[in-house]
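To keep things clear, I will list the structure first and then write my remarks on it.
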Amino acid sequence: MTLILTLASRNLFHDRVRLIATVVGIVFSIVLVTVQLGVFLSFERMVTTMIDHAQADFWIVPAETKSFEESSLLAGRERLQALSVDGVTAAIPVVVGYASWRKPNGGASTPVLVVGAPTGAAGLQPWNVMEGSADDLSMPDGVAIDRSYFEQLGIAQIRGRAEINNQKARVVAVTSGIRSFTTTPHVFASLERARTYLGVPPNRANYYIVRIAPNANAAVVRSRLAAGLSDAEVLTSEEFRHRTRVFWLFDTGAGAALLGSAILGIIVGTIIVAQTLYSSTKDHLKEFATLRAIGSSCRYILKVILAQALISAVVGFSIAAGIDLALVKMTADAALPIVMTPELTIGLFGLTVVMCAIAAIAAIRVVTRIDPVLVFAQ
Amino acid sequence: MTQTMIEASAIAMVLGEGAARVDALKDINLSLAGGELTLLMGPSGSGKTTLLSVLGCMLSPTGGSVQIRGRSTTGLNAEQLAQLRRDNVGFVFQSYHLFPTLTAAENVRLALDVRGERSPLARVKAEKALATVGLSHKAKAFPRALSGGEQQRVAVARAIVGDASVILADEPTAALDSENGQAVMTVLADIAKDPARAMFIVTHDPRIMPFADRILRIEDGRIVSDQRRGGANISAVRALKYAS
């Protein structure tokens, strides 16, 4: 085996204080980046959760709709227009809006996002129902909420009662894992109840979920749908997801802040690693001059420095990955859990290596200018 | 017939400019032959180390030319000079310059590693070089566990392991006591008997003169005397005996 790795690793482990400083720098940086990117991924997933769980071929949305949560009402004629297009089998109305939830035992009201769709229809129904069923939303005043919001909504168990915009509500179904990316819980209701809670006139809706026949030409159907609509757009689920993500992640600045923090983490980590590698190289300058004197090429010395950077990266990343896994487990039930995917893990490892390689540039600049005559200095 | 390993012609080395200009070497003509141990002696600041650096392809002279085994160093860039060093030159330094994190054997093997020799044969060569300097039993020792003399012998093993045609040593005994200095010089003198190698040692130490086949004296950047064994002066210093 080449002595490059031996020399690099022993140089690193010889000075444990400096190695610890290097590794802490990398760990700090990678954990910070992971948390930011993990939250970004989580955020990205959560903002589209309603769209993801809707059984839609197309969405008819009000013109210039920016996200699922923020939309105006459609005119109401769109449903019949959609159903008149060949290939369309259903146009399911969905009503969405913010309302005030008053806890049963008094106290302050809390805002909720009411989501209403016809019960029993494929469209947008609560999922992961643990108690009761989605069909129970057809019961008088019936709503579904997530178990994780019981305390926030003042509900102790299923059949608990409350008020939404001063109208009765009764929890008839309990879901698990339907969490909002904000502090505003989702409340599912039947279409009619949702309209009542939100004051939406009959036959009006925020969206229509369009289903088409299996043998229909989606592009043709979409074109015909769009041609007949004014002040409304036809979007695929992917387009609606993208629009919602762009709004929440970038138009609001939330995603930019997360990415900004991640970039800051990379910069801080790079600087820490660069500083320690640079000072390590300065301390070993005579050894590198000796290498040069005995005839080593610049490339050989660069390999030693890069090997040091790579070893630092592997050690730092291994520790950071362990901490990251612990954080993922700890935040699994949080409002915004940290998400780690295999792609993110591989990407972070690559990022760590690149970060350490960039950090080695200052050290490399020192050794490429080294004068072998230095070996004669006492 | 011995082979010329290094040929230096009209070497000049000017350092600094203007008022700070120093003519470190002036019109040096020198050839080093295989199988010969040459000492370069002279007072501090006389140009010994500068000449060693020029002969070792670490510094390019401002005038004249150097040829290592027939290959001129003129016009070579830093990488080409490094290649010339790793292929032809072995160094022994006053401060040993061993790598503290590598064992004795690894320090020796490093000289092969930089040449891309990483086969099991490289280990064998390193063991053989250590055996030559009498340190086979210290192969796994780190420099901190070795005496100064032993460290210098490891450095000698590193210098010879690649079959360098020229061994250049800078004050190899300066940091050693008499006993260790003698041991190191004995090793170097044995190695110098190899007709495929020229040995060039810069020193202040008169105790090592008896080991020399040739003694050069340098003053103010000029070679002022060049005496070979058998000459009157050499005979005189031989009588001094090393450790006395």
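Read-outs throughout are calculated quantities, based only on the coordinates presented, and are distinct from any laboratory measurement. This structure is a prediction, so every number in the text was calculated from the model and none was measured. Here the Cβ is made from the backbone with ideal geometry for all residues, glycine too, and neighbour counts use every protein chain on show.
Which ³J(HN,Hα) values, rounded to whole Hz and listed in residue order, are derived for the stretch B:36-42 from phi using the Karplus coefficients 6.51, -1.76 and 1.60 in 6.51 cos²θ - 1.76 cosθ + 1.60 with θ = phi - 60°, glycine and proline given as x?
10, 9, 10, 9, 10, 10, x
Nearest 20 debye, what's the magnitude of the dipole of the stretch A:63-208 about its Cα centre given +1 on Lys and Arg Cβ and -1 on Asp and Glu Cβ? Numbers along the way, then the final one.
On the way: 14 positive and 13 negative charges, 75 e Å.
Charge dipole of the stretch A:63-208: 360 debye, to the nearest 20.
How high is the relative contact order of the stretch A:151-203, in percent, counting Cα pairs under 8 Å that sit 6 or more residues apart?
Numbers: 31 pairs, mean separation 12.0, N = 53.
The normalised contact order for the stretch A:151-203 reaches 23 percent.
So, in nm, how far is label B:Asn29 from label B:Glu179 when the simple model puts each one 7 Å beyond its Cα toward the Cβ?
It is 4.7 nm.
Give a residue-ordered list of calculated ³J(HN,Hα) values for the stretch B:173-185 (Karplus: 6.51 cos²θ - 1.76 cosθ + 1.60, θ = phi - 60°; whole Hz; x for Gly, Pro).
My calculation for the stretch B:173-185 gives 10, 4, 9, 10, 6, 4, 4, 5, x, 4, 4, 5, 5 Hz in order.
Work out from phi, with θ = phi - 60° and the Karplus expression 6.51 cos²θ - 1.76 cosθ + 1.60, the ³J(HN,Hα) of each residue of the stretch A:353-359, listed in order in whole Hz, and give x for Gly and Pro.
With the stated coefficients, the stretch A:353-359 comes to 5, 5, 4, 5, 5, 5, 4 Hz.
Using modelled backbone amide H atoms (1.01 Å from N, in-plane), which distant-in-sequence or interchain residues come within less than 5 Å of B:Val92's amide H?
For B:Val92, the qualifying residues are B:Leu168, B:Ala169, B:Asp170.
Please tell me the relative contact order of the stretch A:282-378 in percent, rounded to the nearest whole number, where contacts are Cα pairs under 8 Å and at least six residues apart. Don't skip to the answer; put the middle values down first.
Details: 59 pairs, mean separation 53.1, N = 97.
Rounded, it is 55 percent for the stretch A:282-378.
Mind checking which aspartates and glutamates have their C-alpha under 19 Å from B:Lys138, skipping anything on the same chain fewer than 8 residues away?
The qualifying aspartates and glutamates are B:Glu106, B:Glu127, B:Glu150, B:Glu179.
Mind scanning A:Lys66/A:Lys103; A:Lys282/B:Lys128; B:Lys125/B:Lys193; B:Lys48/B:Lys193; B:Lys128/B:Lys193; A:Lys282/B:Lys26 and naming the pairs with a C-alpha gap bigger than 26 Å? Write out the running numbers ahead of the final one.
Numbers: A:Lys66/A:Lys103 31 Å; A:Lys282/B:Lys128 34 Å; B:Lys125/B:Lys193 19 Å; B:Lys48/B:Lys193 23 Å; B:Lys128/B:Lys193 17 Å; A:Lys282/B:Lys26 35 Å.
In this structure, A:Lys66/A:Lys103; A:Lys282/B:Lys128; A:Lys282/B:Lys26 lie more than 26 Å apart at Cα.
First measure r as the distance between the Cβ atoms of A:Lys329 and A:Thr183, then evaluate 1/(1 + (r/R0)^6) with R0 = 22 Å and state the FRET efficiency to the nearest 0.05.
Numbers: r = 23 Å, r/R0 = 1.03.
Given R0 = 22 Å and the Cβ-Cβ separation, E is 0.45.
What average number of partner chain Cβ atoms lie no more than 10 Å from the Cβ of the residues making up A:366-374? Can you show the working numbers first?
Numbers: counts 0, 0, 1, 1, 1, 4, 10, 7, 2.
Mean inter-chain Cβ contacts per residue within 10 Å come to 3.
Considering every residue in B:106-117, what mean count of other chain Cβ atoms within 10 Å of its Cβ is obtained?
Working: counts 4, 2, 0, 2, 9, 4, 1, 10, 10, 5, 3, 0.
Across the residues of B:106-117, the mean count of other-chain Cβ atoms within 10 Å is 4.
Between A:Ala90 and residues 5 or more places away or on another chain, which pairs have amide H atoms under 5 Å apart, with H built 1.01 Å from N, and which residues are they?
Under 5 Å from the amide H of A:Ala90 lie the amide H atoms of A:Arg211, each far enough along the sequence or on another chain.
With both partners inside chain B, how many of the DSSP beta bridges are antiparallel, as a percent to the nearest 5?
Details: 21 of 40 bridges.
The answer is about 50 percent antiparallel.
Can you tell me the orientation of helix A:16-46 relative to chain A, as the angle in degrees between its alpha-carbon axis and the longest Cα principal axis, to the nearest 10?
20 degrees
About the Cα centre of the stretch B:18-136, what is the dipole size in debye to 20, counting +1 per Lys and Arg Cβ and -1 per Asp and Glu Cβ, all else neutral?
Result for the stretch B:18-136 is approximately 140 debye, rounded to the nearest 20.
In whole percent, what relative contact order does chain A give with Cα contacts below 8 Å and a gap of six or more residues? Numbers along the way, then the final one.
Working: 679 pairs, mean separation 106.3, N = 378.
For chain A, the relative contact order is 28 percent.
Out of residues 5 or more away from A:Val115 or on other chains, whose amide H comes under 5 Å of its own, with H placed 1.01 Å from N in the peptide plane?
A:Val187, A:Phe188, A:Ala189
Compute the FRET efficiency between A:Ser109 and A:Val354 as 1/(1 + (r/R0)^6), taking r as their Cβ-Cβ distance and R0 = 45 Å, and round to the nearest 0.05. Could you put the intermediate results ahead of the total?
Working: r = 50 Å, r/R0 = 1.11.
The formula returns an efficiency of 0.35 here.
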